[in-house]
Amino acid sequence: MFNWESINNYLDNGTPAPPRKVEKSEEEWKKILTPAQFNVMRKKGTERPHTGELCSFYEAGRYACAGCDTELFDSNVKFDSGTGWPSFSEPVADNVIQYELDTTYGRRIEVLCNVCEAHLGHVFPDGPEPSGARFCINSESLKFVE
């Protein structure tokens, strides 16, 4: 069962190997991402709260990485956290998310696409049960797949 303990285990011991790897140069990423996507995904930026188009979007489907099309989250685990960013309680698979310690503003856990290493957002231990996790993800990092 996926839960907060799983996340800390991945943080300490590494995430399972990704299904594939996508590597591009900075110039190649600039050609395929919008400037806003590049800032968030490759420079670890953050979009302003309540501005992302996927924040209040709740159609059935999956959410994939905007950089490499890897499916990351399912709509059935999306919830309104009130934070202003799309929030999910767990990824679609254990090997699609990479976890890294982020001490920029205290102690947080950064989440990245495990396939292309794009910055997605952060995960916090205040989500709904049964996982107890809240993946707080930038809309710029995602694309919706029906």
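Things worth noting here:
- Nearest-20 debye value, the chain charge dipole, Cβ charges on Lys, Arg, Asp, Glu: 400
- Summing Lys and Arg as +1 and Asp and Glu as -1 over all other residues whose Cβ lies under 14 Å from the Cβ of T104 gives a net charge of +1.
- Charge dipole magnitude, Cβ of K and R +1, D and E -1 - the range 6-80, Cα centre, debye nearest 20: 240
- Zone residues, the range 74-104, relative to T46, backbone N less than 14 Å from point 7 Å out along Cα-to-Cβ: 83-86, 102-104
- 15 Å beta-carbon shell around C113, net charge (K/R +1, D/E -1): 0
- The relative contact order of the chain comes to 29 percent, based on Cα pairs under 8 Å that sit 6 or more residues apart.
- Label point distance in nm, Y105-E59, each placed 7 Å from Cα along Cα→Cβ: 3.0
- Accessible area per residue, Å², the chain with all protein chains present, probe 1.4 Å: 52
- Of the residues G82, C113, S6, the one whose Cα sits farthest toward the positive end of the charge dipole of the chain, with +1 on the Cβ of Lys and Arg and -1 on the Cβ of Asp and Glu, is C113.
- Here the label points at E23 and D126, each 7 Å from Cα along the C-beta direction, are separated by 3.9 nm in the simple model.
- Any cysteine of the chain lacking a neighbouring Cys Cβ under 4.7 Å - listed by number: C55, C136
- Under 5 Å between amide hydrogens, built in the peptide plane, is the criterion, and for F73 it picks out Y63, V92 among residues at least 5 positions away or on other chains.
The values are calculated or read from the model by the stated rules, or taken from the named source; none is laboratory data. Just so you know, these numbers come straight off a predicted model, no measurement behind them. Because the Cβ atoms are built from the backbone with ideal geometry, glycine has one as well, and the counts that use them run over all protein chains shown. For accessibility, only protein heavy atoms count, side chains too; no ligands or nucleic acids. Shrake-Rupley method; radii C 1.70, N 1.55, O 1.52, S 1.80 Å.
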